[in-house]
Amino acid sequence: MRYIGDELYYVGYSDRKIKLFENYIPLNFGVSYNSYLIVDNKTCLLDTVDFSVVREFISDVKVALNGKKLDYLIVNHMEPDHAASILEVVKEFKDVKIVTNAYVLKLLNQFFDYNFNDITIIVKENDTINLGKHELTFITAPFVHWPEVMFTYDKNFKTLFSADAFGSFGALSGNLFYDEVDDPTYFMEARRYYTNIVGKYGKQVVNAYLKIKDLDIKMICPLHSYLWRKDFNLLIDKYVKWATYEAEAKEVILIYASMYGNTEKAAMLLADELANKGLKNIKCYDVSNVDETYLIGEIFRVSHIVFLSPTYNANLYPRIKALVDQMQVLDVKNKTFALVENSTWAPRANSLLEEELNKLKDINIIKTKVSIKSALKEDTSLDVKGLASLIAESILK
């Protein structure tokens, strides 16, 4: 529990034991569950935490209240990593009223065997509640990233409680604010968080941004990771790029699958040739050894992607296929692709990849493709070098 100032307390928790977020996204740096408490004439808790830390959470809320009753619990988002402790709050603080929208109330009654109707105050877009010094306004933000999501804006203290927007993976270590740390992993993890969880809903994220872009904001309090009180342009610029599917960098990544090293050799040759052409920050990823959530983050980040895949059982290599399927789910767009296949008797990977990639919107596939038979030879090495020239031309033009 930390006092932030202006009657606002941080009552969230960091989890370093959890290995998978939503039971599939690897967490190398843990995750935080952020919750906030305003102790004004009226007291107000904004969201709760994962059930794994509910006991500590309730204890800290009681300490921060210092004998006062809890008047309101605002529920901005119903995903269980933030909402699983709601019933425990209701049981502990008998007089609490839940403040939320009609969709959240529906989900409350779905998630819990409890009738919340009589203790819930339904709010709509731009409705307000007054706590004393703090006046809170509600802003709907559907599909950022669930349909019920809303933001809460503290008009008098210029604080935006942004639900899952502007969040990231990563546990907190004492420092609550981004400006207090030099964290080289932050934007990688924020990108991975956004692209894999919210990435499909770029249009809705833009709509939500348009609602808040003219607000006077002095602090952003998301439900995961650091709070922000300065340099908002660093954060907003990234989010706008991700939401509009604009590459952060005009760079290339190579994603390859290689069963016995021959396709990997082609990838390394291509990377060398791209470097010889003057390209910088080239990245190579073995799809069998890098989790797809990292690859999705990188695909959003760059402008150009090369897939190098063997044909496997007359189909795409399974992990390449799974990655492309996820790209379709997340509505990846505005990318340029180049293709290299390897096959011993039935070359199909390039044609299958082209078919799948063409299901994406606003993409370009470099027309020249390379087809290797089993292993690189002089002729196919020249083909790889020729493809490097076309990729470099596309990036450097």
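The values are calculated or read from the model by the stated rules, or taken from the named source; none is laboratory data. These numbers come from a predicted model, not from an experiment. Neighbour counts run over all protein chains shown; Cβ positions are idealised from the backbone, glycine included. The area values use the complete protein model at the heavy-atom level, side chains included, leaving out ligands, DNA and RNA. Shrake-Rupley method; radii C 1.70, N 1.55, O 1.52, S 1.80 Å.
Side notes on the structure shown:
- Failed item in (1) open to solvent by 20 Å² or more (accessible area, probe 1.4 Å); (2) among the aliphatic types (A, V, I, L, M); (3) outside any loop (DSSP other than H, G, I, E, B), with residue 220 passing the rest: (1)
- Summed over region 232-268, residues that are under 25 Å from the mean Cα position of the chain (by Cα) and either surrounded by 15 or more Cβ atoms within 10 Å (Cβ to Cβ) or in a loop (DSSP other than H, G, I, E, B) (or both) total 21.
- Test result for residue 394, open to solvent by 10 Å² or more (accessible area, probe 1.4 Å), more than 31 Å from the chain's Cα centre (by Cα) and in contact (Cβ under 8 Å) with a residue 40 or more places away in the chain: no
- Of all residues in region 367-390, those that are free of Cβ contacts under 8 Å to residues at least 40 places away in the same chain and open to solvent by less than 70 Å² (accessible area, probe 1.4 Å) have Cβ atoms under 8 Å from Cβ atoms of residues that are in a strand (DSSP E or B) and charged (D, E, K, R), 6 or more apart or on another chain, in 369/341; 371/341.
- The set of residues in region 270-319 being within 19 Å of residue 260 (Cα to Cα), in a strand (DSSP E or B) and of a type in the set (A, V, I, L, M) consists of 308, 316.
- When the residues of region 328-351 are filtered to those that are more than 12 Å from residue 308 (Cα to Cα) and hydrophobic (A, V, I, L, M, F, W, C), the one that is nearest to the chain's Cα centre (by Cα) is 330.
- Remark: residue 166 matches the filter, which requires a residue to be in contact with a Pro (Cβ under 7 Å, 6 or more places away or on another chain) and of a type in the set (A, V, I, L, M, F, W, C).
- Looking only at region 328-357, and only at residues there that are β-branched (Val, Ile, Thr) and part of a strand (DSSP E or B), the one that is surrounded by the most Cβ atoms within 10 Å (Cβ to Cβ): 340
- Yes/no for residue 136 being touching a helix residue (DSSP H, G or I) at 6+ places or on another chain (Cβ under 8 Å), touching a residue at least 24 places away in the same chain (Cβ under 8 Å) and open to solvent by less than 10 Å² (accessible area, probe 1.4 Å): no
- Number of the condition not met by residue 273 [criteria: (1) open to solvent by 10 Å² or more (accessible area, probe 1.4 Å); (2) out of contact with any helix residue (DSSP H, G or I) (no Cβ under 7 Å at 6 or more places or on another chain)]: (2)
Yes or no, residue by residue, for (1) open to solvent by less than 30 Å² (accessible area, probe 1.4 Å); (2) free of Cβ contacts under 8 Å to residues at least 40 places away in the same chain; (3) not in a loop (DSSP other than H, G, I, E, B):
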| position | (1), (2), (3) |
| --- | --- |
| 9 | no, no, yes |
| 23 | no, yes, no |
| 37 | yes, yes, yes |
| 44 | yes, no, yes |
| 60 | yes, no, yes |
| 70 | yes, yes, no |
| 73 | yes, yes, yes |
| 81 | yes, no, yes |
| 95 | no, yes, no |
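- Residues within region 358-376 that are assigned to a loop (DSSP other than H, G, I, E, B), more than 27 Å from the chain's Cα centre (by Cα) and either of a type in the set (A, V, I, L, M) or over 18 Å from residue 255 (Cβ atoms) (or both), tallied: 6
- The residues in region 287-307 that are among the polar types (S, T, N, Q), over 13 Å from residue 26 (Cα atoms) and open to solvent by less than 30 Å² (accessible area, probe 1.4 Å) can be counted, and the count is 1.
- Filtered by the rule that a residue be within 17 Å of residue 291 (Cα to Cα) and in contact with a Ser or Thr (Cβ under 8 Å, 6 or more places away or on another chain), region 5-23 gives a lone residue, 18.
- In region 162-196, the residue that is nearest to residue 326 (Cα to Cα) out of those that are in a helix (DSSP H, G or I) and open to solvent by less than 20 Å² (accessible area, probe 1.4 Å) is 196.
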